[in-house]
1. Name, by its number, the condition in (1) in contact with a Lys or Arg (Cβ under 8 Å, 6 or more places away or on another chain); (2) modelled with pLDDT of 95 or more; (3) assigned to a helix (DSSP H, G or I) that does not hold for Gln22.
2. Considering Cys283, Cys276, which residue is surrounded by 14 or more Cβ atoms within 10 Å (Cβ to Cβ), not in a helix (DSSP H, G or I) and not β-branched (Val, Ile, Thr)?
3. Would it be correct to say that Tyr44 is out of contact with any Ser or Thr (no Cβ under 7 Å at 6 or more places or on another chain), among the hydroxyl-bearing types (Ser, Thr, Tyr), touching a residue at least 40 places away in the same chain (Cβ under 8 Å) and on the phi < 0 side of the Ramachandran plot?
4. For Asn237, which of the numbered conditions (1) modelled with pLDDT of 95 or more; (2) closer than 28 Å to Asp118 by Cβ; (3) loosely packed, with under 13 Cβ neighbours inside 10 Å fails to hold?
5. Within region 187-210, which residues are surrounded by 14 or more Cβ atoms within 10 Å (Cβ to Cβ) and in a helix (DSSP H, G or I)?
6. Select, from Asp255, Asp234, Asp268, the only residue that is more than 17 Å from the chain's Cα centre (by Cα) and in a helix (DSSP H, G or I).
7. Quick check on Ile325: is it crowded, with 17+ Cβ neighbours inside 10 Å, in contact with a Gly (Cβ under 8 Å, 6 or more places away or on another chain) and under 15 Å from Ile263 (Cβ atoms)?
8. Can you name the residue in region 52-92 that is of a type in the set (Asp, Glu) and outside any helix (DSSP H, G or I) and, of all such residues, is surrounded by the fewest Cβ atoms within 10 Å (Cβ to Cβ)?
Amino acid sequence: MFCMKRKVLAIVQHRKGRSPGQRFRFEHYMEHLEKNNYEIEYSYIIDEKDDFYFYSKGYYWKKIFILIKTFFHRNRDVRNAKNFDLIFIYREACMLGTVFFEKRLAKSKVPIVYDFDDSIWLNDTSEGNKNLAWLKNPKKTSKICALSNLVTVGNEYLAQYARQYSQNVKIVPTTIDLDYHAVSIEKKTEKQICIGWTGTSTTIKHFELAIPILEKLKEKYKEKVCFRVIANIDSWNYDLLIDLIKWNKKTEIEDLLQFDIGIMPLPDDEWSKGKCGFKGLQCMALKIPVILSPVGVNTEIVEHEKNGLLANNESEWFDYLCQLIDSDDMRKTIGQEGFNTVKEKYSVDVWKEKVLQNFNALISSKN
């Protein structure tokens, strides 16, 4: 019997494979959805040419062009909304402080799934756009929650916020595709212990919290340790020698496998409490032992000294890093336990059917 495909309009900012949030919140569920009779139209704003200008300081005429393009693009989405069975919005439809497009999409009566994985109701603007922060309105997050039929978030802290404005909130943690991470690449054999961090230009400020600790480690261990950062930046200026690798989707797993220890330092603030632990989870999926700041969901992901370590201050960061540097067995044991945690609780295989059920239930409730 012929069955009509269920059509999803995915409202996002970036092209496929570009944004970690989009990749690990939605993109790696697309294959499972498509295998189960879904057809997805991926509607993004910032293309590869726009990327550089959007996240760099200045280039205001280029940014105005991106904004104009956004209005044309989203108006098209609104016109076509009635042709879909479901609308998925990641973070926001427009990067300005308006909910104009979300309101118009809601008027189509097509069910809306609204997803976010940070404390986006707070103001956290990238360095390249700090001068334009006045154009944004983070508090619009509450309005989008109220307009949506289902709100999915990455942890309980975010859920507590969303429940103030929506009666249908579900936690879907940021997950890892273990098939993607299980590539056949041998880990490095050098005697140096590599301490690594991966992130973006917007989160590099969190890595900088670790630099005083890394300086102490270098003083103690000399050439036994080295440091690596994988990010979408081209250069920086630090006195400490740090190997900077430009993020590349084609080599990201191979680059991550050069880490012997993964770190995720965070400040204990309201924004960080909304983080979903992705940097730690990605290392854990590759059996790389991790040390995280005990902020937000990190304390749920990591059981201290079993599948990872939680460091409260500089002294603990230094001591725990020394323990891992000095013990091959400890690194292997914690790395394996970290992998087990991802496989059992934070993998795509565990959550893909639940995401499918969420979509099915929302469409069925409309009919």
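The values are calculated or read from the model by the stated rules, or taken from the named source; none is laboratory data. This is a predicted model, so every value here is computed, not measured. Please note: Cβ atoms are built from the backbone with ideal geometry, for glycine as well, and neighbour counts cover all protein chains shown.
1. (2)
2. Cys276
3. no
4. Evaluating Asn237 over (1) modelled with pLDDT of 95 or more; (2) closer than 28 Å to Asp118 by Cβ; (3) loosely packed, with under 13 Cβ neighbours inside 10 Å leaves (1) as the failure.
5. Matches in region 187-210: Ile204, His206, Phe207, Leu209, Ala210.
6. Asp255
7. In short, no.
8. If we take residues in region 52-92 being of a type in the set (Asp, Glu) and outside any helix (DSSP H, G or I), then Asp85 is surrounded by the fewest Cβ atoms within 10 Å (Cβ to Cβ).
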